[in-house]
Every structure is written in C-alpha cells, then in structure tokens.
Amino acid sequence: MPKKLGKVAISCAVTGAIHTPTMSNALPYKPEDIIQQSLEAADAGAAVLHLHARDPEDGSVSLNPDHFMAFLPQIKAQTDAVINVSTGGSLLTSIEDRIKPSDIASPEMSSLNMGSMNFSFHGLAKRYETFKFDWEKDYIEESDTYIFRNTFRDIAQVEKSLGQEHGVKFEHECYDVGHLYNLKFCMDTGLFKAPVFIQFIFGILGGIGADLDNLMFMKRTADRLFGDNYQWSVMAAGAAQMPFATQAIMMGGNVRVGLEDSLFIERGKLATSNAEQVHKVRRLIEELGYEVATPGDVREMLDLKGSEQVRF
C-alpha cells in the first residue's frame, strides 16, 4: 500500500450570508436544519464547522446571539468537530454587532476578515424571476453598494474582544493579496502571534479572482511574509470550489467547502447538502494519497483552547 501523504483538514461553511433561500432548497436556515447539516458534514469528514446564523422565519442573515444559541449547543453535544463562529456575518452592520455572538459563545475559532473591500453578488438577482421571501431581491440587487468594512481598528477590536478575552483562534480570511500584508503588519505590531491560520479566498466580486495563477501568487506571497509560521486553507466561490480545493490539496494546504461558498456539486447541478460537498472533497483528498485530518489534528495544528472551554 502506498504511503499516505500529509493530512488535510476540511472546513465546511454551512450556510453563510450571501446565498438566499430561493437559490437552493438545500440551504439551511432553520436551526434544526443547520444542526442536521452540520452533523452530517462532520460525519462526512469536516473537522471544522464554519457557522453563521439565519432568521428561522425567513432565512435572512442574523447576528442575533439567540439564533446562534439555537444550534451551537446541540451541535457541540453531538460532534467533536471544531466550531468556528463567523464574525463577518453581515455586510450592513457594525463590528460590535458582528462579534457579539462569538463574545457570548466564546468558541474555539472565529473568522476574521483582514481588510475592507467591495463585496457584491448583485448579478445573481437576474437568475431568478420570483423569490420565496420579500427581502431577498433587494438584498441581492443592493449588494453593488456594499462595502465590507474591516479597518485596522476593527481588526484590533476583534482581537481584543475575542483573542485576548476568550482565547479564540482566528481563521484570517484574506480576499486579496493586500490582506496578507495587513496581517503581516498586525503581526509585526504584536496584534497576532505565529503561527496564524490563513484562509485564501477567491472569486468574490471585489476580491482576487478565481484564477489558479492567483492561488500560486497568494501562496508565494504568504511564504515570503510568514515563512513557516502559518497554516493555510483555500476557499473558492461557485464553480471554482472543487478545482481550487484540488490544487490546494496537491500543494499541501487545507480546504473549505460548503453551501456558503457554492450551491453546486458539479456544473449545473445543485448540491443536495453540505455533506455531499464534504464527501466529494474527501474522495479527492484520499484518491490523491492524502489523509483527512480529524478535529483532534486541527486542535493540535492550530493550538486551540479545546471544546471544554467554550460557553455553549
């Protein structure tokens, strides 16, 4: 039997804040569906669950801590997967509101966006003639006005509130090469300590494009800036999801999939669940000769505080 190569951690972003209920019947927004899909994704091989909340009545994006607490304890009770609570859950609210769920839940991990940017998905509105809920059409169309604010002061506030106060480890989301330099500046000024965990993100309108050359460029830049003092993963939006995951696996990185990032399992075919995407990327990992990392592997790799220290 050929020797296994390195371990690859799978993160699953279960629902996100971009796609709306009209776009896919599989997109979970009720707490019971978020719980079920999270557990299924973990059973399929996801070591990390990247979680947003939705209003259970209409599927709109929610930062209400009560909506998070409707599913976080149940997921933790039924899986050992690392739970990563988003701090980027809304493009329209303050950083104080965005970090409130993590401040209350004190998870092992939270996402942290490393720079301000245009963030638009308005082109999706033209694909649908009718919508399930009244809020969806305007939310999508108006995204050509959205600025995703993540100033240096915002970043420092997240670190103080979550990193210093709760020992939360961050998934540093870098949507463009400048975000890597932002992270390096923050590390040079003592805000974050190595090793850091970087999520390279491709294909969001307003960020770096989903071209494989850009993945090589981002990785080379990170190598130059951080040396061996970082772990990394790749997320690509839409049709680029699996091609970029495959490239990341072969480059020795980790991967993120999930209905937050793509609603499809292959071109023109909607995924039936988050777990279907996890199963697919797991097959890619194992067929390429690598091993899927466990939640324990991720905790060791990222020096996480442990699930016993969360507040849910």
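All of the numbers you see were taken from the coordinates with simple rules; none came from a lab. Not measured: the values here are computed from a predicted model. Cβ placement follows ideal geometry from the backbone for every residue including glycine, while neighbour counts extend to all protein chains displayed.
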**Message:** So if I restrict to the alpha-carbon atoms in the chain, what is the Rg, and what is Dmax, the biggest pairwise distance, in Å?
**Reply:** 17.9, 56
**Prompt:** Full extension from Glu308 to Thr130: what is 0.36 nm times the residue separation minus their Cα-Cα distance, to one decimal in nm?
**Reply:** 59.6 nm
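Restricting to DSSP H runs of at least four residues, report the calculated mean residue ellipticity at 222 nm for the chain, -39500 (n - 2.57) per run over all residues, nearest 500 deg cm²/dmol. Write out the running numbers ahead of the final one.
Values: 11 runs with 110 residues, N = 312.
-10500 deg cm²/dmol, from helical runs alone.
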**Item:** Protection proxy ranking of 10-16, 118-124, 212-218 - average other beta-carbon atoms within 10 Å, highest first
**Value:** 10-16, 118-124, 212-218
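Between Asp58 and Phe264, 0.36 nm times their residue separation minus their Cα-Cα distance comes to what?
On the way: separation 206, 0.36 × 206 = 74.16 nm, distance 2.20 nm.
That works out to 72.0 nm of additional length.
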**Fill in**
For the table Lys193/Lys305; Lys100/Lys305; Lys184/Lys219; Lys30/Lys160; Lys7/Lys184; Lys7/Lys30, the rows whose alpha-carbon distance is greater than 23 Å are Lys30/Lys160; Lys7/Lys184; Lys7/Lys30
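Taking the highest mean first, how do the peptides 240-247, 19-26, 160-167 order by number of other beta carbon atoms within 10 angstrom per residue?
The most tightly packed comes first, giving 240-247, 19-26, 160-167.
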**Item:** Table column - 3J(HN,Hα) (Hz), the range 82-96, Karplus curve with 6.51, -1.76, 1.60, x for Gly and Pro
**Value:** 6, 9, 10, 8, 5, 10, x, x, 9, 8, 10, 10, 6, 5, 4
**Asked** So for the range 7-309: antiparallel DSSP bridges make up what percent, rounded to the nearest 5?
**Response** 20 percent
**Item:** Val8 long-range amide H proximity, modeled H, under 5 Å
**Value:** Glu291, Val292, Ala293
**Request:** Set Lys and Arg Cβ to +1 and Asp and Glu Cβ to -1, take the dipole of the chain about its Cα centre, and tell me which of Asn150, Met250, Phe264 lies farthest positive.
**Result:** Met250
